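Below is one structure, written out as structure tokens; the observations come after it.
The values are calculated or read from the model by the stated rules, or taken from the named source; none is laboratory data. Nothing here was measured: the structure is a model prediction, and the numbers come from that model. In this analysis, Cβ positions are derived from the backbone assuming ideal geometry, glycine residues included, and neighbour counts consider all displayed protein chains.
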Amino acid sequence: MVPPAESPARPARKRKSRGEGQWALGHREPLNGNERSKKDDNPLNVRQRIENIYAHRGFESIDPADLRGRFRWWGLYTQRAPGIPGARTSTIEPEDLEDSYFMLRVRIDGGALTTEQLRVIGEVSQTYARDTADITDRQNVQLHWIRVEDMPTIWQKLEGAGLSTTEACGDCPRVVLGSPVAGIAADEIIDATPAIDEITEKFIGDRSLSNLPRKFKSAISGSPRWDAVPEINDISLVGVVHPEHGPGFDLWVGGGLSTNPKLAVRLGTWVPLDEVAEVWHGVVQIFRDYGYRRLRNRARIKFLVADWGAEKFRQVLEDEYLGRKLIDGPAPETPTGQRDHVGVHQQVDGNYYVGVKSPAGRVSGSTLVEVAKAAERVGSRRVRTTVEQNLLVLDVPENEVDGLTGELAGLGLHSDPSPWRRGVMACTGIEFCKLAIVETKQRSIDLIGDLERRLADIQGEIDNAVTVNLNGCPNACARTQVADIGLKGQMVPDGNGNQVPGFQVHLGGGLAIDAGFGRKIRGHKVTSEEVGDYVERLVRTYLDQREDGERFAQ
Ligand code: SF4
């Protein structure tokens, strides 16, 4: 409002600048509840309280600051109480929806598991998690229905097998994504496994990195297929050959989705394998020290990178954290083909790996046990998880391939899936997630069968999987914006004056050669019931109208 002319101008009130809450600029005093909680007590300390107190006294004894904050550093979130529909509103907070059971995330760095580890996860699920298990699009496995009373035993079993839930969630370095075919793929530029191992051994659980502004997501892959989604991680190291120095990694920072999506940017530097952990550590420290802590929705490194730009970020990394200049390097070639590793492929040693598609990540503990047994029967001891919620069995002799693929198909895990089965992905959704607005997992599983029936006549005309990513809310855990058809859960009109569960559609997103965010098309909102109709219409229109070789994302 413009003040009347005769009003004396009010002197501007001088407000004390709180900046963005960056520690390196002197803003050490916590500026919100999350920051206060982390300062009050290092979140990693909660493990002792779980083992010594909460596991004995039960759910009701848990301090709310531990329950809704620090538990996450050990992979634990309360899950949504069953039967509560709808979303968080101004009067309903996530804690109003919580159950006394937990989701437990088991971190699987690089997606690398032995068959023995897979069996242990499966058995823990059978005994303590009502046989639930979801493979996530960050190569983890999530279990549900976990009781705090069982956590000491669960940790004993998981850790006894070399597995961990340390920093699987929380404001800390999360699982390090890696190529599921590291060390075995014929087209590999460089095997990143030693770097991932060094990072997890040295820095996961390191208290100097356990209070970051928010989560920190890493991807390190030497595959030319960019199979660890480097475009959308906080830090990515992408295999590339330097003309003088040979194979190493291109360093990218600042990617991420959620409500403010950004693609990672290159810093223009080449990093040799034995320096990856040091450079990774430097970038995490920049995030810790310069990351924005005042507002939680600006506390990801992508906002700092967007404000600084690549040049300044690289300079700070070199001058303040590494104490040396990095080598300039070339950009990796952008891949074009599939990167999900589904199917049967030969390894460099002459054996084969079998990549199978899970139905939107939903498996079970029993299924994981059976996969471990099937793999061992053919002489394999290694399995992998992928960022498309798939499983790979490595080291399969040629004469065992057919038997194994048949056995896995019997478990619902297909190595030759239809384009629809191959392309559908889903987040946790309303079944267990307190932030969800709509159901996603069962909807996705139903959608796969529905599309296989509806589109059976044109299956052969689709060369690549059409990706359909179902998300229960705007947080985009299943990568809404980089799918051919990205579905974001919300309440939508049903045409009869009612608001019902449904999705806002984002069309034409992609990664690699199609890197870009799907367009939110005004009016493209579908009820959950209508998703099959909608996808069918869209795919048939695409096939009718596409020009030579035109991909869906174009
Ligand atoms: Fe939960 Fe939303 Fe993430 Fe889905 S996208 S898992 S509903 S926070």
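Residue pairs whose Cβ atoms lie under 6 Å apart, sitting 6 or more positions apart in sequence or on different chains, and linking a residue in the range 328-343 that is over 14 Å from S221 (Cβ atoms) to a partner that is part of a loop (DSSP other than H, G, I, E, B) and not β-branched (V, I, T), are G343/S415. In this structure, G205 does not satisfy being in contact with a Lys or Arg (Cβ under 7 Å, 6 or more places away or on another chain) and in contact (Cβ under 8 Å) with a residue 40 or more places away in the chain. Do we find that L470 is more than 21 Å from V356 (Cα to Cα) and within 16 Å of the ligand (Cβ to nearest atom) in this structure? No, not satisfied. Just one residue in the set G508, G460 is more than 18 Å from V387 (Cβ to Cβ) and within 22 Å of the chain's Cα centre (by Cα); that residue is G508.
Cβ-Cβ distances below 7 Å connect the following pairs, each with a first residue in the range 437-448 that is within 13 Å of A478 (Cα to Cα) and small (G, A, S), a second residue that is near the ligand (Cβ under 10 Å from one of its atoms) and modelled with pLDDT of 95 or more, and a separation of six or more residues or different chains: S444/A426; S444/L470. How many residues are buried (at least 16 other Cβ atoms within 10 Å of the Cβ), among the β-branched types (V, I, T) and touching an Asp or Glu at 6+ places or on another chain (Cβ under 9 Å) when one looks only at the range 500-538? Counting residues in the range 500-538 that are buried (at least 16 other Cβ atoms within 10 Å of the Cβ), among the β-branched types (V, I, T) and touching an Asp or Glu at 6+ places or on another chain (Cβ under 9 Å) gives 4.
Conditions (1) assigned to a loop (DSSP other than H, G, I, E, B); (2) of a type in the set (S, T, N, Q); (3) on the phi > 0 side of the Ramachandran plot; (4) at pLDDT 95 or above, marked per residue:
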{"site": "I189", "(1), (2), (3), (4)": "yes, no, no, yes"}
{"site": "G205", "(1), (2), (3), (4)": "yes, no, yes, yes"}
{"site": "S208", "(1), (2), (3), (4)": "no, yes, no, yes"}
{"site": "R214", "(1), (2), (3), (4)": "yes, no, no, yes"}
{"site": "A228", "(1), (2), (3), (4)": "yes, no, no, yes"}
{"site": "E231", "(1), (2), (3), (4)": "no, no, no, yes"}
{"site": "L251", "(1), (2), (3), (4)": "no, no, no, yes"}
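In the range 249-262 there is at least one residue that is over 24 Å from G509 (Cα atoms), in contact (Cβ under 8 Å) with a residue 24 or more places away in the chain and not polar (S, T, N, Q).
A single member of E452, E431, E461 is within 12 Å of the ligand (Cβ to nearest atom), of a type in the set (D, E, K, R), farther than 16 Å from I521 by Cβ and surrounded by fewer than 22 Cβ atoms within 10 Å (Cβ to Cβ), and it is E431.
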